[in-house]
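First up is the structure itself, then whatever we jot down about it.
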Amino acid sequence: MPDRAGMKDSRQAIVNPRIAIVGAGLIGRRHANLIGEGDDAVLSAIVDPTDAARDFAGEAGAPWFVSVA
């Protein structure tokens, strides 16, 4: 029977999960920087309609989107 996380057993793991940041304000930027500092996850996108977010996504090497819709 699967556990609460939906895994069949504890030996299964997610390898390099891809994470999108929605909102590139102070907290979103901090999260993006922490993801970039580690080796366990990949920053897959920045979602925020501002020009500053577009610039930040370019600096972070992540695709930029104006909306999740």
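Rolling a 1.4 Å probe over the protein heavy atoms leaves PHE65 with an accessible area of roughly 100 Å². Computed over protein heavy atoms with a 1.4 Å probe, the carbon and sulfur contribution to the accessible area of the stretch 19-69 reaches 59%.
For trypsin sites (Lys or Arg not before Pro), no site in the stretch 19-69 is both called loop by DSSP and has at most 15 other Cβ atoms within 10 Å.
The values are calculated or read from the model by the stated rules, or taken from the named source; none is laboratory data. Everything quoted here is computed from the prediction, not taken from an experiment. In this analysis, Cβ positions are derived from the backbone assuming ideal geometry, glycine residues included, and neighbour counts consider all displayed protein chains. Accessible surface is based on the protein model in full, side chains and every heavy atom, while ligands, DNA and RNA are left aside. Shrake-Rupley method; radii C 1.70, N 1.55, O 1.52, S 1.80 Å.
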